[in-house]
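Accompanying notes for the structure given below.
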Amino acid sequence: MQYKNVLAIALIISIAVISSCQNREKELNQVIQTKFNQAIIDDLPAYKRLNDLIVDNIDTIVSFRKAQIEHPERAERFDFLHDNEAENNFIQNDINFNNMPAFILPKMDSAFSSIKKGKISGFSIHANGMIDMSVEHTFNEKTNCDTYSSLVWHMPENLPIDLTAKDTVLTNECRYIVHVMKRGNP
C-alpha cells in the first residue's frame with residue numbers, strides 16, 4: 001500500500017514539474033519576442049525629470065508615507081500608482097497620489113503630464129533608493145501572459161533580474177526592464 005502512495009505522489013510531482021516547465025517556456029518565448037518600446041526610450045528625458053523630482057523630495061515623500069502606516073520599519077518599498085487597476089489599463093488623467101505631501105502634487109502632476117500619454121502608471125520607491133517606474137503593461141491572450149515594462153533608476157549592480165525578464169541599460173542610472181508573468185495556475 002505504501003508503494004502505491006509513493007508512486008501516486010511521484011506522479012503528481014512529475015505532472016506539476018512538467019506543467020511548470022511548459023509555463024516557463026511560454027514566458028521565456030514571450031520575453032525573447034518582446035521588444036523594447038522605442039517611444040519610451042525616446043521620451044527618456046521626461047522620465048528623467050520625474051526621477052529627479054522624486055530624488056529631490058525622496059526624504060519628504062518617504063517620511064510622509066511612513067507616517068501613514070503601522071509598521072514603517074518593515075516597509076521595503078512604497079508604491080505610488082495612478083492607474084485604473086479595475087480596468088487593467090494605463091491612464092494619465094486624474095492622478096491620485098493621496099499618499100504624498102500636498103505641496104509636491106502640482107510638481108508631480110506636471111512631471112507626469114510631460115510624459116507621453118499612457119506611458120506611465122506610477123512608481124515605487126525602494127528602501128535602497130531604487131526607483132521603479134511602471135511604464136507599460138500588455139496581456140497576451142494566446143500565451144495567457146502579462147508583460148510589464150519598467151524604467152528602474154539607481155538599481156544596485158548586483159541585483160539580479162528574473163529569468164523571465166530582459167533588460168537594457170539606457171544610462172548609467174537607468175535600466176529598461178521587461179518582465180513576463182503567466183496568469184493563474186500552471
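The values are calculated or read from the model by the stated rules, or taken from the named source; none is laboratory data. In this text the structure is predicted, and so the values were computed from the model without any measurement. Don't worry about glycine lacking a Cβ; one is built from the backbone with ideal geometry, like all the others, and counts go over all protein chains shown. These area figures cover heavy atoms from the full protein model, side chains too; ligands, DNA and RNA do not enter into them. Shrake-Rupley method; radii C 1.70, N 1.55, O 1.52, S 1.80 Å.
How many residues does the range 112-148 hold that are outside any loop (DSSP other than H, G, I, E, B) and either of a type in the set (Lys, Arg) or within 30 Å of HIS71 (Cα to Cα) (or both)? Steps first, please.
The first filter runs over the range 112-148 and keeps only residues outside any loop (DSSP other than H, G, I, E, B), leaving 112-113, 122-126, 131-140, 145-148.
Subset that is either of a type in the set (Lys, Arg) or within 30 Å of HIS71 (Cα to Cα) (or both): 112, 122-126, 131-135, 148.
Of the residues in the range 112-148, 12 are outside any loop (DSSP other than H, G, I, E, B) and either of a type in the set (Lys, Arg) or within 30 Å of HIS71 (Cα to Cα) (or both).
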- Message: What are the pairs with Cβ atoms under 9 angstrom where one residue, in the range 137-162, is more than 16 Å from PHE36 (Cα to Cα) and the other, located anywhere, is modelled with pLDDT under 85 and basic (Lys, Arg)? Sequence gap at least six, or different chains.
- Response: THR143/LYS26; THR143/LYS182; ASN144/LYS26; ASN144/LYS182; ASN144/ARG183; CYS145/LYS26; CYS145/LYS182; CYS145/ARG183
- Task: Sort out which residues of the range 134-164 are farther than 19 Å from TYR47 by Cβ and either crowded, with 19+ Cβ neighbours inside 10 Å or under 10 Å from the mean Cα position of the chain (by Cα) (or both), and write them in order of number.
- Result: CYS145, THR164
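If I filter the range 82-93 for residues that are at pLDDT 80 or above, open to solvent by 30 Å² or more (accessible area, probe 1.4 Å) and more than 17 Å from the chain's Cα centre (by Cα), do I get at least one hit?
If we filter the range 82-93 for residues that are at pLDDT 80 or above, which is where we start, we get none.
Looking for residues that are at pLDDT 80 or above, open to solvent by 30 Å² or more (accessible area, probe 1.4 Å) and more than 17 Å from the chain's Cα centre (by Cα), one finds none in the range 82-93, hence no.
Criterion first (modelled with pLDDT of 55 or more and loosely packed, with under 11 Cβ neighbours inside 10 Å) does ILE104 satisfy it? First the steps, then the outcome.
Values: modelled with pLDDT of 55 or more: yes; loosely packed, with under 11 Cβ neighbours inside 10 Å: no.
No, not satisfied.
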- Working only within the range 108-128, note down all residues that are open to solvent by 20 Å² or more (accessible area, probe 1.4 Å) and at pLDDT 90 or above. HIS126
